Amino acid sequence: YVKNTKEILDKASREGYAIGAFNFNNMEFLQAILEAAEEEKAPVIVATSEGAIKYIGKGDIETGAKLAVEMVRTYAEKLSVPVALHLDHGRDFRIIMTAIKAGYSSVMIDASHLPFEENLRETKKIVEIAHAVGISVEAELGKLKGIEDNVVEKESVLVDPEEAKIFVKETEVDFLAPAIGTSHGAFKFKGEAQLDFERLKKVKEYTQIPLVLHGASMVPQDVVKLANEYGAELSGAKGVPEDMLKKAIELGINKINTDTDLRITFVAYLRKVLSEDKSQIDPRKIFKPVFEHVKEIVKERIRIFGSSGKA
Ligand SMILES: O=C(COP(=O)(O)O)NO
Ligand SMILES: [Ca+2]
Ligand code: NA
Ligand SMILES: [Zn+2]
C-alpha cells in the first residue's frame, strides 16, 4: 500500500509513462481494478470522489473514508504491485481532512471553479497541511465542461500555461490537472475529439511535475453498441481516441483518471447477463462475468498507459 502517491507518479514522469487512476464506489469495482493491476504487474491508483465516500459510508464521511482505506489496504497487502488510494475532486475541506486522517495516499483539492487567486490560496492551504503529514496533493487549473460532481461547468476554460508556472511555484502542489479540452462522462465531444497539445507541452515545460488528465475515458464504441442492443440509451457517446491519449502521455501526462469506461462496461454486460440468464438470482453469479469484463477493460487501459510491467 503506497503511503504517498508522489513516489509512483514521479517515477512515471521521469520515465515517460502514465499510471491509471480508476474510480470505484464499491467492492466489486475495487476488486476488478486491483486484479487488473496485479495481472499487468502495474502500479495503480484507485480513487474515490466525495460522492463515493458518502455512498460507501451511507452518508457518514468518516465511515466511508475509513471503509475505503481498510478495503484497499486489506486487498493491497496481498498484491505484488504498488497501490495508492486517492481522493478525487476534493472540494469540501472537512472531507479532504477526513480522507487524510483515514490514511489516503493523496488528495485532490479541486478549486478550479474559483478565480485563479482563490484557487491558489485554497490549494496552498491544503498542500501545507497534507505535506506536514506526508501526503501528496493534486490540484486543477482551468475548467472541464460537464458536471464536475455538483458544479456544472458550462464552458470548458483551458489552462493558461503562464498561470500554471506561477501556481505550481507558489503552492508547491505535487501534481497538476491542466484542462486541455476533455470533460467528464460519456459525451465528451460534440464534433471531432480535440485536445490542446500545445498548452499541455508548455505546462509540462513550465512546471516539470507529473500531470493529470481528467475526463480521459475512451468510451469504446463496441461496448456502447452492446449496451444499446440490450436497452441502454447511450447514442452519441464519444471519448478520447487512443492516439490522443498516447500523445498526451508523450507530452507529460502521468496520471489518467478513468471512470466512465468502467461504468459503460459494467452496464453493458450487466444488461446482457440479466437478459440471457433469466432465472439467475445469485448476485455473485450475475456479477462474476460482468466484473471479468470490467477487469479486462482496466487491463487494456493500463497497457495503453504504458504502466504494464512497471511495478
Ligand atoms: O476525470 C475523471 C474520470 O473521467 P471519465 O468520465 O472520462 O472517466 N475522474 O476524476
Ligand atoms: Ca474542477
Ligand atoms: Na484526481
Ligand atoms: Zn475528474
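The values are calculated or read from the model by the stated rules, or taken from the named source; none is laboratory data. Predicted model, so just to flag it, every value in this text is computed and none were measured. With ideal geometry, Cβ positions are generated from the backbone for all residues, glycine too; neighbour counts draw on all protein chains shown. In case anyone asks, the SASA skips ligands and DNA or RNA and just uses the protein heavy atoms, side chains included. Shrake-Rupley method; radii C 1.70, N 1.55, O 1.52, S 1.80 Å.
Every residue, every condition in (1) within 16 Å of ligand 3 (Cβ to nearest atom); (2) in contact (Cβ under 8 Å) with a residue 60 or more places away in the chain; (3) small (Gly, Ala, Ser); (4) closer than 23 Å to Phe291 by Cα, yes or no:
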{"site": "Thr171", "(1), (2), (3), (4)": "yes, no, no, no"}
{"site": "Leu200", "(1), (2), (3), (4)": "no, no, no, no"}
{"site": "Asp222", "(1), (2), (3), (4)": "no, no, no, yes"}
{"site": "Met244", "(1), (2), (3), (4)": "no, no, no, no"}
{"site": "Leu262", "(1), (2), (3), (4)": "yes, yes, no, yes"}
{"site": "Phe266", "(1), (2), (3), (4)": "no, yes, no, yes"}
Scan of segment 57-83 for residues that are over 19 Å from the mean Cα position of the chain (by Cα) and surrounded by fewer than 17 Cβ atoms within 10 Å (Cβ to Cβ), ordered by number: Lys58, Gly59, Asp60, Glu62, Thr63, Glu70, Thr74, Glu77, Lys78, Leu79, Ser80
Given (1) within 14 Å of ligand 2 (Cβ to nearest atom); (2) free of Cβ contacts under 8 Å to residues at least 12 places away in the same chain, number of the condition Leu144 does not satisfy: (2)
Of all residues making up segment 31-51, the number that are buried (at least 21 other Cβ atoms within 10 Å of the Cβ) and part of a helix (DSSP H, G or I): 7
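Yes or no: Ile297 on the phi < 0 side of the Ramachandran plot, among the aliphatic types (A, V, I, L, M), within 16 Å of ligand 4 (Cβ to nearest atom) and in contact (Cβ under 8 Å) with a residue 12 or more places away in the chain?
The answer is no for Ile297.
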Residue match in segment 14-23 (condition: open to solvent by 10 Å² or more (accessible area, probe 1.4 Å) and within 16 Å of ligand 2 (Cβ to nearest atom)): yes
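Report yes if Ile96 is within 16 Å of ligand 4 (Cβ to nearest atom), under 23 Å from Glu128 (Cβ atoms) and assigned to a helix (DSSP H, G or I), otherwise no.
yes
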Scope segment 271-291; condition open to solvent by 40 Å² or more (accessible area, probe 1.4 Å) and within 16 Å of Pro220 (Cβ to Cβ); matching residues: Arg271, Lys272
Candidates Lys288, Lys272, Lys299 - the one that is in a helix (DSSP H, G or I) and within 17 Å of Ala21 (Cα to Cα): Lys299
Pair list, Cβ under 6 Å, 6 or more apart: segment 121-133 residue part of a helix (DSSP H, G or I), other residue open to solvent by 80 Å² or more (accessible area, probe 1.4 Å): Val127/Glu172
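Going by the structure shown, is Met97 surrounded by fewer than 24 Cβ atoms within 10 Å (Cβ to Cβ), hydrophobic (A, V, I, L, M, F, W, C) and touching a residue at least 12 places away in the same chain (Cβ under 8 Å)? Before you say what the answer is, go through the steps one by one.
Working: surrounded by fewer than 24 Cβ atoms within 10 Å (Cβ to Cβ): yes; hydrophobic (A, V, I, L, M, F, W, C): yes; touching a residue at least 12 places away in the same chain (Cβ under 8 Å): yes.
Taking the combined requirement at face value, the residue satisfies it.
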Test: residue in segment 62-69 that is farther than 14 Å from Ala99 by Cβ, of a type in the set (A, V, I, L, M) and either part of a helix (DSSP H, G or I) or within 16 Å of ligand 1 (Cβ to nearest atom) (or both): no
The one condition in (1) without any contact (Cβ under 8 Å) to a residue 60 or more places away in the chain; (2) open to solvent by less than 40 Å² (accessible area, probe 1.4 Å); (3) away from ligand 1 (no atom under 16 Å from the Cβ) that Pro115 fails to fulfil: (2)
Test: residue in segment 36-52 that is at positive phi and in contact (Cβ under 8 Å) with a residue 60 or more places away in the chain: yes
Test: Lys66 is at pLDDT 95 or above and basic (Lys, Arg): yes
